[in-house]
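The values are calculated or read from the model by the stated rules, or taken from the named source; none is laboratory data. Fair warning: this is a prediction, and the values are worked out from it, not measured in the lab. Note that we place each Cβ from the backbone using ideal geometry, even for glycine, and neighbour counts take in every protein chain shown.
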Amino acid sequence: MKVAALQMVSGVAWEQNLADALRLIRDAARQGAELVVLPEHFALLGRRDTDKLALREVWGQGPLQNALAGVARECAIWLVGGTLPIAIEGTDQQAYNTLPVWNPQGQCVARYDKIHLFEFDNGNEQFNESVVLRHGQQPVAVTLHDRQGQTWQMGLSVCYDLRFPELFRHYAQLGADVLVVPSAFTHTTGQAHWEVLLRARAIENQCAVLAAAQGGVHANGRHTWGDSLVIDAWGQVLNRLPQGEGVVMAELVKADQERVRAQLPALRNRRL
């Protein structure tokens, strides 16, 4: 299955960010991608955390969801829609950071609300996502079919979730073949931990990992790490893009993953 992780440097104008995302999705589809993953907050990295609240959409409707459903149908791809701010009934002060998945017919087949919300304070940089975002509650896995008729199980996660291996082990126990990690890692934390965490999640669960990231200096002054990666079930990096906008293409081979699991049956050898 041909896959693509899209890297963006999203700005403060959602219309331009959406146009850039649609262009990159179509570019990936022209290169043969069957599964395309957008980065976290692809539609907006605002000047303040609260800016994303103005983009909140009711689940199942709105210009962002409609556009992504339309391009999935147009390109006949499976599309992991980065994350969108989805409204919470009864409050206008918070939103869910929601990862939707559309099938090649443009139907939304899954919704994952980011469970783990980022907190960081090193004296120079401070982040606390829970001020504006609400924790999700449930892991979500998706069954998809590639153009060769093979079935794949895909586990959904977002950014900071990467630091919580129990989520990914849960997906492995469900039979996951692919883990997706749309992200907007900071430059500080990404430089220290990004690749090692992604490769660890791939190796310990013997799953491919698709990590679509924000990567560059944004209009709001934030610097994201980037380094969008596709990693196979052995932990080998198949392709990457260090910084800047672009498409990271790779091909996942089901037989290669099956061989890894047969040669080193670590999942079967678990005792705890």
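Summary of computed values
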quantity: Test for Leu179: is it in contact with a strand residue (DSSP E or B) (Cβ under 6 Å, 6 or more places away or on another chain), surrounded by 24 or more Cβ atoms within 10 Å (Cβ to Cβ) and either among the charged types (D, E, K, R) or not in a helix (DSSP H, G or I) (or both); calculated: yes
quantity: Failed criterion for Gly82 (all others in (1) under 25 Å from Thr189 (Cβ atoms); (2) out of contact with any Pro (no Cβ under 8 Å at 6 or more places or on another chain); (3) part of a loop (DSSP other than H, G, I, E, B) hold); calculated: (2)
quantity: Residue ID - modelled with the lowest pLDDT, chosen from residues in the range 233-265 that are among the charged types (D, E, K, R) and either part of a strand (DSSP E or B) or closer than 17 Å to Ala33 by Cβ (or both); calculated: Lys254
quantity: Qualifying residue in the range 185-206 (condition: closer than 19 Å to Asp20 by Cβ, crowded, with 16+ Cβ neighbours inside 10 Å, in contact with an Asp or Glu (Cβ under 9 Å, 6 or more places away or on another chain) and not aromatic (Phe, Trp, Tyr)); calculated: no
quantity: Those residues of the range 194-225 which are of a type outside the set (Lys, Arg), within 18 Å of Glu125 (Cα to Cα) and touching a residue at least 24 places away in the same chain (Cβ under 8 Å), in sequence order; calculated: Trp194, Gln214, Gly215, Gly216, Val217, His218, Ala219, Asn220, His223, Thr224, Trp225
quantity: Top-ranked residue of the range 46-59 - restricted to ones that are out of contact with any strand residue (DSSP E or B) (no Cβ under 7 Å at 6 or more places or on another chain) and either touching a residue at least 24 places away in the same chain (Cβ under 8 Å) or among the basic types (Lys, Arg) (or both), ranked as surrounded by the fewest Cβ atoms within 10 Å (Cβ to Cβ); calculated: Arg48
